[in-house]
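The values are calculated or read from the model by the stated rules, or taken from the named source; none is laboratory data. Keep in mind the model is a prediction, meaning the values are calculated, not measured. Every residue, glycine as well, gets a Cβ built from its backbone with ideal geometry; the counts of neighbours run over all protein chains shown. Accessible surface areas use protein heavy atoms only, side chains included; no ligands, DNA or RNA. Shrake-Rupley method; radii C 1.70, N 1.55, O 1.52, S 1.80 Å.
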Amino acid sequence: MAMCAALRRFSSNFPAVLPLLSGPARVSLRHAGWRAFSASSRLEEALRFTDKHEWVRVEGGIGTVGISNFAQEALGDVVYCGLPEVGTKLQPMEEFGALESVKAASELYSPLTGEVTEVNTELTQNPGLVNSSCYEHGWLIKMTIENPGELEALMDEAAYEKYVKSLE
């Protein structure tokens with residue numbers, strides 16, 4: 001009963017507090033929509049996905065490639081990352097490496113045409129980064145993007161989420 005009274009007092013004061021919000025602290029609910037409550041980060045919004053669960057984020061003509069959260073969860077604890085050498089030329093959906101986990105092994109496929117410019121060497125000593133930070137520190141390779149138009153064939157985050165739900 002006391003809890004109900006406390007909630008009534010709080011809720012009756014709530015409308016009076018809202019106008020006090022000003023400046024940078026003010027939140028516009030008009031523009032926030034449901035995205036504000038999504039578990040997705042701003043980092044993931046720029047990602048494009050393949051149906052094999054690789055993602056690519058392009059910045060300045062260089063694509064950073066990794067695997068999705070869905071893929072890393074399905075794999076389990078990654079214990080080994082087999083990645084290509086710098087200079088390797090790749091075509092879309094061409095196999096470029098493999099991940100091994102305690103449960104399974106999975107091939108990795110290039111999302112786009114390009115050349116490997118960098119390999120995440122941290123994964124040699126700490127392959128678990130693929131699990132703990134698949135969209136940031138657990139990236140696999142960086143590559144040049146020879147044909148930016150190929151990005152249009154990849155799924156954005158919303159399409160990928162819908163695709164993943166169709167697999168369940």
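Computed values, structure above
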read-out	value
Pairs, first touching a residue at least 24 places away in the same chain (Cβ under 8 Å) in the stretch 139-168, second loosely packed, with under 15 Cβ neighbours inside 10 Å and of a type in the set (Lys, Arg), C-beta under 6 Å, six or more apart	none
Residue match in the stretch 107-122 (condition: assigned to a helix (DSSP H, G or I) and modelled with pLDDT of 95 or more)	yes
Any hit, the stretch 33-48, residues being out of contact with any Lys or Arg (no Cβ under 6 Å at 6 or more places or on another chain), under 25 Å from ASP156 (Cβ atoms) and at pLDDT 95 or above	yes
Close pairs (7 angstrom Cβ cut-off, 6 or more residues apart or separate chains): of a type in the set (D, E, K, R) in the stretch 72-88, at pLDDT below 95 and open to solvent by 60 Å² or more (accessible area, probe 1.4 Å) anywhere	ASP77/VAL102
Selection count, the stretch 123-148, where residues are in contact with a Cys (Cβ under 8 Å, 6 or more places away or on another chain), open to solvent by less than 30 Å² (accessible area, probe 1.4 Å) and assigned to a helix (DSSP H, G or I)	2
Contacts under 8 angstrom Cβ, first residue in the stretch 115-130 being on the phi > 0 side of the Ramachandran plot, partner part of a loop (DSSP other than H, G, I, E, B) and β-branched (Val, Ile, Thr), 6 or more apart	none
